[in-house]
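The values are calculated or read from the model by the stated rules, or taken from the named source; none is laboratory data. Please read all numbers here as calculations on a predicted model, not as lab measurements. Every residue, glycine as well, gets a Cβ built from its backbone with ideal geometry; the counts of neighbours run over all protein chains shown. Accessible surface areas use protein heavy atoms only, side chains included; no ligands, DNA or RNA. Shrake-Rupley method; radii C 1.70, N 1.55, O 1.52, S 1.80 Å.
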Amino acid sequence: MSTQPRPAEQEQALLPVYLENMRQRFKSEINRLTGGDMAEMLEGEPQAADLAFLMTYVHAWHWLRQHVPDAYRAPLLAAFKGGSRAFLMDLLERSESVEAFVRGYIRHWLATPGPGPAQREQLLRLLAARENDESALVEQVVALWKGLGLFEEPDARAYARIAADERSRYGEMLDEADMKRLELVDNLPEKSGKAPRFSKLGMIPHMGCPQTCRHCMFIWRPFVKGQEQADRLYDLVDAHTDSVLFTGGDLTRHMAHFYKAIRHMRHVRTFAILLNGDFANDRQAVGDMLGAMTKTLRSRPGGWPRARVLLQISFDEFHQEVVVDRKGKLKERIPVAKIANIVEQAPGYPDIQLALLHKQNALNFSMDLFRKGVFGRLAAELGRRGHQVQVVSTAPSERLKTHPVTGQRGPLVKDASFVLVRHPDSPILLTSSTIDAYGRAELLEPGEAVREKEFLAEVLGRERSPGQGFDTDLMFWFNGWATLFSAVHVCLGNVYEEGADKVLARQRKDPLSRALADFDRRLLDFYAEKRDDLARRIDRATGPHHLFHVLTQDADMRLHMTRRLLEQAL
């Protein structure tokens with residue numbers, strides 16, 4: 001008999017998870033805007049201080065209609081109806097237009113005896129400045145809102161616009177400007193020494209993922225061809241590292257390339273692969289996947305170094321987010337139960353190290369990380385199966401970071417390990433990283449993820465930041481491209497067409513790659529020589545990696561920066 005819950009039962013179980021997440025997002029936005037962000041948006045506007053509270057809830061009215069379907073709006077707001085702002089929740093729920101919301105707000109305070117509270121006094125001052133003309137105030141508030149330019153397009157349309165920009169930029173890859181830049185690098189004197197060894201190298205056999213997670217840096221992905229020449233890449237990677245990462249979205253349908261690499265690369269000892277976990281429908285599916293990895297590892301010749309697999313599974317509030325589908329039903333993007341399937345069976349495969357890759361959020365600032373949110377859901381699911389989860393170790397981030405909801409600075413849990421109590425000698429890793437506002441993540445709200453604004457300010461306050469910039473090891477695509485590991489928009493050539501020696505020489509000599517590795521501030525000056533929006537770019541950047549990525553994402557700008565770096569070197 002199947003143990004899977006029925007659809008109605010499953011949706012009922014997901015409802016509190018969905019409402020809790022959306023309430024937290026809603027509350028974070030209200031707190032952010034009443035905490036000063038709305039006043040900042042209204043700077044220069046007459047009576048900005050008196051308008052800020054009302055405009056915050058005008059924003060809330062639009063936010064609810066942008067993000068919360070009608071059927072879930074009332075239960076979401078119900079949790080906030082016990083208090084002095086209950087009338088606001090009623091207005092947000094029932095007002096069919098923003099004009100109706102503002103009129104209801106005005107009438108509520110006019111019918112409320114004074115003196116106070118502060119919002120009533122603000123409203124009376126706003127009316128007095130307009131000779132107590134309610135309609136005039138409604139019109140001004142609506143016009144003021146339109147002037148802010150928020151929620152002007154549905155998320156789907158915004159994603160389509162961002163995707164078009166991504167497609168255009170990748171269309172410039174190794175086009176005229178890129179080739180002129182690489183010619184400059186080729187003309188530099190060769191650096192003497194042994195052939196480089198890399199701490200790791202990456203391989204991208206395919207670019208694609210069926211999921212549409214809201215934090216993903218890719219919306220449009222380049223089509224990767226040229227797999228018939230992949231053996232050349234296997235030989236190249238095997239000669240220059242003992243650790244390789246297979247990535248490119250979700251590679252579940254492209255595992256043959258990974259298995260071939262394990263059989264082909266004699267010197268590589270760590271074969272890492274990033275999957276989203278959607279394959280783990282049941283114990284059989286997990287056993288098939290982990291069994292195939294183990295079988296391939298053990299098929300390597302006896303004289304070769306022993307190798308292991310580092311199985312990285314995406315696991316965070318976005319991959320496991322509860323969303324409303326096109327039919328209005330709740331579903332998990334990738335169910336927590338699938339991740340539990342993997343965690344439950346991983347201890348039985350000692351040649352495979354399981355690591356859950358997590359995105360930093362407000363929960364990372366305390367041990368609530370393991371009690372609430374997606375990890376709490378995982379622990380509950382494993383508990384339902386008779387397992388007990390024990391956190392074995394935690395390690396903080398190198399830098400203090402800012403809590404995305406409270407704004408307080410402090411350490412956060414970056415890395416951890418945990419075990420299932422019945423398998424104490426089989427630790428499972430959890431490692432977390434920040435989200436930069438690339439791709440879909442451009443639309444994330446500030447309260448949803450940890451940002452690196454303070455680190456950005458620190459970087460901009462000094463000439464260089466050695467060791468903390470971009471990872472400039474190489475990522476080899478199966479179409480022949482060789483890009484920087486953590487800046488895949490910077491391409492150093494095509495291995496198939498130009499040869500590996502030429503590409504590797506460029507990696508050693510390229511001044512732009514070095515500048516990105518150091519967060520070299522001169523790149524900001526070079527950018528400003530061609531563009532007049534540097535201040536806006538800095539203001540909108542979520543961290544230094546985001547800023548330097550945006551500044552170098554156009555091929556013509558990369559060419560200009562390389563020329564200027566070479567001029568200054570001379």
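Laid out as a table, the results:
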read-out	value
Given (1) under 19 Å from SER433 (Cβ atoms); (2) surrounded by 20 or more Cβ atoms within 10 Å (Cβ to Cβ); (3) touching an Asp or Glu at 6+ places or on another chain (Cβ under 9 Å), index of the condition VAL244 fails	(1)
Residue within the range 434-452 that is over 30 Å from ILE30 (Cα atoms) and crowded, with 21+ Cβ neighbours inside 10 Å present	no
Residues of the range 259-315 classified as within 18 Å of SER243 (Cα to Cα) and assigned to a helix (DSSP H, G or I), total	11
Qualifying residue in the range 297-307 (condition: in contact (Cβ under 8 Å) with a residue 40 or more places away in the chain, open to solvent by less than 20 Å² (accessible area, probe 1.4 Å) and aliphatic (A, V, I, L, M))	yes
Residue among LYS502, LYS530, LYS453, LYS509 that alone is closer than 30 Å to PHE365 by Cα and among the basic types (Lys, Arg)	LYS453
Candidates PHE370, PHE365 - the one that is touching a Ser or Thr at 6+ places or on another chain (Cβ under 9 Å), under 19 Å from VAL336 (Cα atoms) and open to solvent by less than 50 Å² (accessible area, probe 1.4 Å)	PHE370
Tabulated pairs, the range 230-243, first free of Cβ contacts under 8 Å to residues at least 40 places away in the same chain, second open to solvent by 10 Å² or more (accessible area, probe 1.4 Å), C-beta under 6 angstrom, 6+ apart or interchain	TYR234/HIS264; ASP238/HIS267
Flag if ALA136 is of a type in the set (Gly, Ala, Ser), within 30 Å of ARG508 (Cα to Cα), part of a helix (DSSP H, G or I) and open to solvent by less than 60 Å² (accessible area, probe 1.4 Å)	no
Candidates THR431, THR483, filtered to the one that is among the polar types (S, T, N, Q) and either buried (at least 22 other Cβ atoms within 10 Å of the Cβ) or in contact (Cβ under 8 Å) with a residue 24 or more places away in the chain (or both)	THR431
Residue satisfying condition, being farther than 30 Å from PRO301 by Cβ and in a helix (DSSP H, G or I), within set ARG181, ARG232	ARG181
Selected residue (criterion: modelled with the lowest pLDDT) from residues of the range 195-228 that are open to solvent by less than 60 Å² (accessible area, probe 1.4 Å) and farther than 25 Å from PHE318 by Cα	GLY226
Residue within the range 34-43 that is open to solvent by 70 Å² or more (accessible area, probe 1.4 Å) and within 30 Å of LYS331 (Cβ to Cβ) present	no
Residue that is farthest from GLU45 (Cα to Cα), among those in the range 78-117 that are touching a residue at least 40 places away in the same chain (Cβ under 8 Å) and open to solvent by 40 Å² or more (accessible area, probe 1.4 Å)	ALA79
Test: residue in the range 468-475 that is of a type outside the set (Asp, Glu), over 30 Å from ASP235 (Cβ atoms), at pLDDT below 95 and assigned to a helix (DSSP H, G or I)	no
Scope the range 490-546; condition open to solvent by 30 Å² or more (accessible area, probe 1.4 Å), in contact (Cβ under 8 Å) with a residue 60 or more places away in the chain, of a type in the set (D, E, K, R) and in a helix (DSSP H, G or I); matching residues	LYS502, ARG508, ARG540
